[in-house]
1. Checking Val325 against (1) touching a Ser or Thr at 6+ places or on another chain (Cβ under 9 Å); (2) at pLDDT 95 or above; (3) under 25 Å from Ser237 (Cα atoms), only one condition comes out false. Which one?
2. Determine the pairs where a residue that is within 14 Å of Cys81 (Cβ to Cβ), located within the range 8-19, has a partner that is surrounded by 14 or more Cβ atoms within 10 Å (Cβ to Cβ) and not β-branched (Val, Ile, Thr) with Cβ atoms under 7 Å apart, the partner being 6 or more residues away or on another chain.
3. For Lys426, all conditions in the list (1) within 19 Å of Phe31 (Cα to Cα); (2) surrounded by fewer than 22 Cβ atoms within 10 Å (Cβ to Cβ); (3) basic (Lys, Arg) hold save one; what is the number of the exception?
4. Determine which member of the set Phe214, Phe183 is aromatic (Phe, Trp, Tyr), in contact with a helix residue (DSSP H, G or I) (Cβ under 7 Å, 6 or more places away or on another chain) and under 30 Å from Thr108 (Cα atoms).
5. All but one of (1) in contact (Cβ under 8 Å) with a residue 12 or more places away in the chain; (2) farther than 30 Å from Arg339 by Cα; (3) touching a helix residue (DSSP H, G or I) at 6+ places or on another chain (Cβ under 7 Å) hold for Thr34, so report the exception by its number.
6. Take the residues in the range 415-436 that are at pLDDT 95 or above and among the β-branched types (Val, Ile, Thr), then tell me which one is nearest to Thr460 (Cα to Cα).
7. Going through the range 451-479 one residue at a time, which ones are in contact with a strand residue (DSSP E or B) (Cβ under 8 Å, 6 or more places away or on another chain) and either in a loop (DSSP other than H, G, I, E, B) or at pLDDT below 90 (or both)?
8. So in the range 304-315, with the set limited to residues that are touching a Leu at 6+ places or on another chain (Cβ under 7 Å) and assigned to a helix (DSSP H, G or I), which one is modelled with the lowest pLDDT?
Amino acid sequence: MKRSHLSLLFLSTLLGAFFRLYRLNADYVWFNDTFFRLTPALEILKGVPVKFAPSMIGATGVGLVSFLFSEDLFSVALVVCFAGIACIPLSYYFVLRLTKDERIAALTALFVSINPTLVALSKVLLWDIFVLLFFLTSGIIYLSFKEKETLPKGFLLAISLFLLFTFKLPNILYALVFYFFLFYKYRFSINKSKNLLASLLAYIFLMALFFYSFPDALDTFTRGGGPNFFIKESYVSLLVATLKTLLSPLASPKTSMAFHFDIGIDIFFIMGLLALIPIAFYFKSIKKIEDFFPLSSVLIISLFFINFSGWSHRYIVVPLFLMLVFVSYGIIKIMEKERGFAFLIVAVCFLSSFGPLISLTGEWGESKSLAANHVATPLSLFNKTSELIDLNNVEIVVSSYGRVFTYYKLKGEIDGEIVDFYSVEKEEMLDITNNGIFEGKRVWYIEGWPDVFVFEGKDTIVYRENIESEFVLKNIYTSKEKIYVFDREYPPLIIYELYKK
């Protein structure tokens with residue numbers, strides 16, 4: 001490794017660490033993506049019965065590691081942040097293995113360190129940065145295994161690809177790409193690829209164990225992804241949003257969660273389109289089937305999520321990273337012929353990332369930034385509500401935010417019973433509430449935005465309607481914050497005390 005490339009990697013890691021750690025906090029939470037994943041981790045540590053959803057296993061593991069040090073959410077934010085920082089040197093090593101060119105690897109690491117989306121994903125309590133982390137880990141093992149096949153490497157590849165899968169079920173598609181290109185190396189001859197076959201069998205065993213433990217996960221596949229997939233009305237808008245994200249990868253959205261209607265065109269996006277020139281040089285370099293490996297990874301995930309009406313740019317974090325690799329590759333190839341033009345492209349690409357990044361870090365933690373990241377219910381609001389529950393000696397809390405308040409209960413900050421809409425059927429919820437009121441207990445219904453918008457596959461609107469028809473609701477508190485649901489302004493949290501009619 002040349003001293004200049006090592007210095008650039010060191011500076012990139014230092015720069016990336018600064019922007020990821022600067023003003024880091026635990027304010028960026030979501031009732032589902034954060035607490036559905038973290039509360040089970042605390043339940044495990046407290047010895048409380050746990051009901052897992054298959055999509056949360058990887059994130060729950062992150063929670064387990066974090067809560068061993070502290071039960072505070074900031075400990076989780078730190079683990080996420082360090083995962084984001086680790087992606088910088090890992091991206092260097094992955095690209096070095098892929099291209100055998102230190103210049104391309106060093107430039108990729110620089111672009112990863114300042115990419116607005118990758119920085120944002122390293123500062124929030126979401127888990128997509130771990131998808132990139134385990135893709136890079138799997139990619140490094142894959143390339144090493146491809147160079148020299150050994151059984152330990154094969155098993156490590158299977159484990160790494162399985163861990164990648166546990167953070168998002170569609171990541172099984174990456175395993176298909178990896179194993180396809182490995183078997184293609186031997187022209188699909190079983191006799192020549194015994195270690196590879198052992199690796200594949202190990203992966204299949206881990207997957208079988210997963211589906212045996214979580215049979216409901218099979219529904220995701222047998223139902224074609226569920227009701228939010230393959231909605232024709234969304235195809236064009238999601239295709240446009242995907243192309244905007246990938247064709248100007250240096251100027252990717254400065255947020256952790258951008259939906260198709262969030263991705264516009266500004267001066268930085270236009271500057272970032274200059275990356276199309278080096279991307280074209282990369283495509284021109286593709287000569288053999290083996291060269292399609294990174295491009296296949298881009299296409300298979302990007303095309304898959306075009307079918308998902310809940311599309312967010314964070315779902316294509318790996319394709320976004322690989323587009324940065326393509327840009328870096330093309331720039332170095334241009335540099336071999338037109339050095340001055342290549343430096344111009346580097347400068348413009350750097351500015352197209354650095355401009356949004358400065359804006360992102362300057363606004364981090366402010367209400368404008370929380371809104372841009374679609375944080376519907378701020379952590380401060382959950383903290384205040386838990387304090388009110390404790391001060392008013394509330395004995396039963398009924399809410400679609402049940403997973404959130406279970407977290408506070410496990411931490412010892414509130415007492416009483418938590419009735420979570422996502423954990424019980426509506427009949428059981430009504431029985432618990434009726435019995436509590438009959439016994440003279442103080443019962444609060446905490447209404448949230450999921451009660452006006454069907455989310456996470458549960459019709460919580462019916463729960464709210466049942467409560468309104470069965471009980472008298474006395475308003476205790478209505479949050480001043482507002483969100484928009486179906487183009488209607490709505491408070492994300494309302495507290496009612498329930499009485500029998």
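1. Checking Val325 against (1) touching a Ser or Thr at 6+ places or on another chain (Cβ under 9 Å); (2) at pLDDT 95 or above; (3) under 25 Å from Ser237 (Cα atoms), the one that fails is (3).
2. Thr13/Pro89; Thr13/Ser113; Gly16/Ser113; Phe19/Leu357
3. The failed condition is (1).
4. The unique qualifying residue is Phe183.
5. (3)
6. Ranking the qualifying residues of the range 415-436, first place goes to Val419.
7. Listed by number, the residues that qualify are Val452, Phe453, Ser479.
8. The extreme case among them is Phe304.
The values are calculated or read from the model by the stated rules, or taken from the named source; none is laboratory data. In this text the structure is predicted, and so the values were computed from the model without any measurement. We place every Cβ from the backbone using ideal geometry, glycine too, and count neighbours over all the protein chains shown.
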